[in-house]
Amino acid sequence: MVIPVLTAAFGVGLFSATSVYALRDIDPIDFYVSYSYDKDVPGDAYKVHDGQTDAGKYVVNLTESPGSANVTTTLHNVDHAYRGSGIVQRGTRASFYNVGYAGYTYHLNLKRTYSGGDIYVKGSWSPDSQD
């Protein structure tokens, strides 16, 4: 009698007998942004869903940021090619369709939308809106 054995390597994801599910990356945002230049959010994030789907919209959560200034967000791949953008107001959360594909790594740039001094932003972002 042969007994099947299921083995798995350590990694990010949930495993079942028939499927593998990746967990979405959520990265912190905690710095000042300016109208004069784009600021890279530190680190890159792995995308689980295609950006044209509801689950693949990238999310920027600035609910921890005081004030009401708008922040322009831009999604890039690792070669810094544009994959999508949107505007979110401090104190809110927003999600945006994009042209990013599942299975690749992306990063986010932030910039103050309108002129003025530097503004503080705190929150998080994810390249996917759902696991």
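Throughout, read-outs are computed from the coordinates displayed, never taken from laboratory work. Just so we're clear, the structure is a prediction, and the values are computed from it rather than from any experiment. Quick reminder, even Gly has a Cβ in these numbers, built from the backbone with ideal geometry, and neighbours come from all protein chains shown.
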Residue by residue through region 112-117, the couplings from Karplus 6.51 cos²θ - 1.76 cosθ + 1.60 with θ = phi - 60°, in Hz, x for Gly and Pro, are 5, 6, 10, 4, x, x
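Summing Lys, Arg as +1 and Asp, Glu as -1, what charge do residues with Cβ under 12 Å from the Cβ of I119 carry, I119 excluded? Please list the in-between numbers first.
Numbers: positive: K39, R90, K111, R112, K122; negative: D118.
Cβ neighbours under 12 Å give a net charge of +4.
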Per-residue HN-Hα couplings for region 87-92, Karplus 6.51 cos²θ - 1.76 cosθ + 1.60 at θ = phi - 60°, whole Hz, x for Gly and Pro?
10, 10, 8, 4, x, 10
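Remind me, what semi-axes does region 25-126 give for its equivalent ellipsoid, largest first in whole Å, using sqrt of 5 times each Cα gyration tensor eigenvalue? Mind dumping the intermediate values first?
Working: eigenvalues 97, 36, 27 Å².
Each semi-axis is the square root of five times an eigenvalue, giving 22, 13, 12 Å.
Counting Lys and Arg as +1 and Asp and Glu as -1, what is the net charge of the other residues whose Cβ lies under 12 Å from the Cβ of F96?
Numbers: positive: K57, R83, R93; negative: D54, D128.
Local net charge: +1.
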Please turn the phi angles of region 95-105 into ³J(HN,Hα) values with the Karplus equation 6.51 cos²θ - 1.76 cosθ + 1.60 (θ = phi - 60°), one per residue in order, whole Hz, x for glycine and proline.
10, 9, 5, 7, 10, x, 10, 4, x, 10, 9
